[in-house]
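A short write-up of the structure that comes next.
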Amino acid sequence: MTAMDYTLICQVLTGACGLFCLIQLMYLFCVYAKMYRASRMQAQTETVPDNCPPLSVIIVTKDSGQLLKENLPSILTQDYPTYEVIVVNDQSAGEDEEILKLLENDYPNLYHTFIPQTARYVSRKKLGIAMGIKASRYDWIVVTEPTCKPVSDQWLKHLAVHFQEGTDIVLGYCGYTGGKGLFGKRVKADNLFQAMRYLGAALNRHPYMGIGQNLAYRKNMYNGHKGFADQLTLQRGDDDLFINALADSGNTAVALHPDSFMEQKVPPFKRIWFEDKVNRLVTGKFYHGAARFMNGLETWTCALFHLCTLIGLIMSIRYYEWMYTGIIAILWLLRFVLTMNNFRKTAKATGEKSCCFFLLFDWCRPLWALQIKIHYWCRTKADFLRK
């Protein structure tokens, strides 16, 4: 190859770096930066109304006795005028029933029921939420899980701030605590990044999912949609698919005041978290709209940007094309500074302390996304062969 050929290759690589950098910065400013801005604004200006509407908190539990003992009291002692907590027991083999009976003696706003063993061929999680909603007395439903606890006794009030006329859905944030080593940091960084993605999209008036750890919606909206009738046989989707089907640019709000957050411990085993990621991928294929495409575009342009940057630097240095070396380095540095600054600010706003890990996370997340996809494809093929 001639020197002109090497120059042309460097030009193409530099142009590709510029294009992918531009796409990445568009996502950064239009989606990912919105979570920090909204959190800061709500922390500074949000005031709790005097007339908070009554609400019902729904929790579905299965073999979570110790978690109920640790987390449920902080939900039952919220500084909120009128609310009830309904726990639906999914035929637990452990001590859930005994713990719930003991707690009911101390907390008059706690009620519990159970899912009958005869219920089959449907998602028991969705059935449990449906039973809790049917038993509830109030129009606003707040859904969470036994693994979660509020960071403040003002949690419900800061969700209720957004219970305005025209709002049917309120999305909240749930972070992780504890966890040691690389796995714990990965879980926290991935959780924060995914929150920046779906909460940023909602703040940008394009909501496409929510999480069942911190989510509120109106009962009449749920009833009008006939609950989970169109997805009852799917084991997942009680949060993301349900919100994907009903959320729009006008009926969805996002609660990001620091007191509105929930928290849960990092899973004790990587397998638990990994299966949850695969299950999210399974339900993601049923999303309406362009969310799957837009998320995929961001992930793979991130991978291509890093790849083109690495190859471009090697080629331009190897063949003394210093102008292209400088341009590529400036593009990489520009994206790095802006992205890491946003990660740092958002981590601080949400109380996360793993911002130093985000550099490695940013480099590895396309590979980790590919790893989860491969696992999903293998599991899908294995299910097909079993049939």
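Overview of results
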{"item": "Area accessible to solvent at HIS206, 1.4 Å probe radius, in Å²", "result": "120"}
{"item": "Options VAL161, LEU256, LEU310, ranked by Cα towards positive dipole end of the chain, top entry (Cβ charges)", "result": "LEU310"}
{"item": "Helix 124-135 vs. the chain, principal-axis angle (Cα, 0 to 90°, nearest 10)", "result": "50"}
{"item": "Simple Cβ-charge dipole of the chain, Lys/Arg +1 and Asp/Glu -1, about Cα centre, in debye nearest 20", "result": "1220"}
{"item": "Sparse-neighbourhood loop sites, trypsin sites (Lys or Arg not before Pro) in the stretch 198-292 - DSSP loop, at most 12 other Cβ within 10 angstrom", "result": "ARG205, LYS226, LYS285"}
{"item": "Listed peptides 256-263, 76-83, 135-142 by packing density, highest first (mean Cβ within 10 Å)", "result": "256-263, 135-142, 76-83"}
{"item": "Candidates per trypsin sites (Lys or Arg not before Pro) in the stretch 139-185, loop by DSSP, up to 13 other Cβ within 10 Å", "result": "LYS180"}
{"item": "Residue pairs, from the table LYS134/LYS265; LYS180/LYS265; LYS149/LYS265; LYS125/LYS149; LYS62/LYS373, whose Cα atoms sit over 21 Å apart", "result": "LYS134/LYS265; LYS62/LYS373"}
{"item": "Eligible lysines near LYS34 by straight Cα distance, threshold 17 Å, same-chain separation 8 or greater", "result": "LYS345, LYS348"}
{"item": "Dipole of the chain [Lys/Arg +1, Asp/Glu -1 at C-beta], most positive-end residue of ILE58, TYR320, ALA229", "result": "TYR320"}
{"item": "Helix 358-386 vs. the chain, principal-axis angle (Cα, 0 to 90°, nearest 10)", "result": "70"}
{"item": "Rounded to the nearest 20 debye, dipole of the stretch 46-172 from Cβ charges on Lys, Arg, Asp, Glu", "result": "520"}
{"item": "Centroid-to-centroid separation of the stretch 84-115 and the stretch 1-66 [C-alpha atoms, Å]", "result": "38"}
{"item": "Probe 1.4 Å, accessible area per residue of the stretch 15-106, Å²", "result": "46"}
{"item": "With all protein chains modelled, accessible area of LYS69 [1.4 Å, Å²]", "result": "110"}
{"item": "Computed helical MRE - 222 nm, the chain, DSSP H runs ≥ 4 contributing -39500 (n - 2.57), nearest 500", "result": "-18500 deg cm²/dmol"}
{"item": "Per residue value of the accessible surface for the stretch 168-323 (all protein chains in place, 1.4 Å probe), Å²", "result": "43"}
{"item": "The chain: angle of helix 33-45 to the longest principal axis, Cα-based, in degrees nearest 10", "result": "50"}
{"item": "Area of GLU97 that stays accessible when all protein chains are in place (1.4 Å probe, Å², to 10)", "result": "60"}
{"item": "Highest-MSF residue in the chain out of VAL161, VAL12, VAL278 [GNM, Cα springs under 10 Å]", "result": "VAL12"}
{"item": "Among TYR32, ASN214, ILE9 - extreme Cα towards positive end, dipole of the chain, charges at beta-carbon", "result": "ILE9"}
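The values are calculated or read from the model by the stated rules, or taken from the named source; none is laboratory data. Every value quoted in this text rests on a predicted model; they were computed, and no experiment measured them. For neighbour counting, all protein chains shown are included, and Cβ atoms are generated from backbone atoms with ideal geometry for every residue, glycine included. Only protein heavy atoms, including side chains, enter the accessible area calculation; ligands, DNA and RNA are left aside. Shrake-Rupley method; radii C 1.70, N 1.55, O 1.52, S 1.80 Å.
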